[in-house]
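Student: Below are the structure tokens for one structure; questions will follow.
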Amino acid sequence: MSVLLRPAADTDLAGIGELHHRSRATAYAGLLSPAALSFGSPAAMGEWWTERWKWERDTHRLTVATVDGELAGFSYLGPSAEDGLAELSVIHAAPEFVGTGVGRALMRDALPALARIADRAVLWVLEGNARARLFYERGGWTADGVSRTDSMGCDTVRMLRYSRPLRAPHVPR
């Protein structure tokens, strides 16, 4: 299987919304209530991504992964709200592509882009999402002890912050 990565186009945004909706429902099954899992719709998520991209396209990077021309995943990154940090906002793989290397390809692609923004990157992950936490830990990310309470649909959830250095520290000779 060959994963092709490319910058997202405006024509991808509806598909990104649909994929995001399906990915979220699958990844968070058992972690969120049925009402929270069904919150919104694929079309509403496409509209949300269209609006977000309109305002952040100059400061953020949206990348899509395709397999045989089919949208298989996407990543979104940019500067963090916290000064001096880059943030990996999302990596989502379509449920049928989870475990196939799509997420790893998106992660490998994201790291150099994050390093062009800052020396350290952060991401937020749902505390109970063991699969995602293991994925990030295998990618060199570490829970750094920071957490926050967030809303997902109608549920209140605890999010954990993961971080990782992006550049090797300078060692004087």
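Student: Among residues other than residue 77 whose Cβ falls under 11 Å from its Cβ, what is the net charge (Lys/Arg +1, Asp/Glu -1)?
Tutor: Residues near residue 77 contribute -1 overall.
Student: Between the alpha-carbon centers of region 93-172 and region 1-78, tell me the distance in whole angstrom.
Tutor: Cα centroid to Cα centroid, the span is 16 Å.
Student: Place a +1 charge on the Cβ of each Lys and Arg in region 26-105 and a -1 charge on the Cβ of each Asp and Glu, then give the dipole magnitude about the Cα centre in debye, rounded to the nearest 20.
Tutor: About 80 debye.
Student: Right, something else. In which sequence would 18, 82, 87 go, from the one with the fewest C-beta neighbours within 10 Å to the one with the most?
Tutor: In order of increasing Cβ crowding within 10 Å: 82, 18, 87.
Student: Going 7 Å from the Cα of residue 134 in the Cα-to-Cβ direction, what parts of region 19-49 have a backbone nitrogen less than 18 Å from that spot?
Tutor: 26-31
Student: If you don't mind, another one. Given 139, 55, 34, which one lies farthest toward the positive end of the charge dipole of the chain, if we put +1 on the Cβ of every Lys and Arg and -1 on the Cβ of every Asp and Glu?
Tutor: Most positive-ward Cα: 139.
Student: Take the chain, connect every pair of alpha-carbon atoms lying under 10 Å apart with a spring to form a Gaussian network, then pick out the residue of 112, 42, 79 with the largest mean-square fluctuation.
Tutor: Sorting by GNM fluctuation, first place goes to 112.
Student: Around residue 129, what is the net charge, scoring Lys/Arg as +1 and Asp/Glu as -1 over all other residues with Cβ under 15 Å from its Cβ?
Tutor: Residues near residue 129 contribute +3 overall.
Student: Next up: For residue 80, list long-range residues whose amide hydrogen, built 1.01 Å from N in the peptide plane, is under 5 Å from its own amide hydrogen.
Tutor: 85, 86, 87
Student: Of 94, 130, 110, which is the most mobile in a GNM of the chain whose springs link Cα atoms less than 10 angstrom apart?
Tutor: 130
Student: Can you give the charge dipole size of region 3-165 about its Cα centre, rounded to the nearest 20 debye, using +1 on the beta carbon of Lys and Arg and -1 on the beta carbon of Asp and Glu?
Tutor: The calculated dipole for region 3-165 is roughly 420 debye.
Values in this text are rule-based calculations from the coordinates and carry no lab data. Since the model is a prediction, treat every value here as computed from it, not as a measurement. No Cβ is skipped: glycine too gets one built from the backbone with ideal geometry, and neighbour counts run over all protein chains shown.
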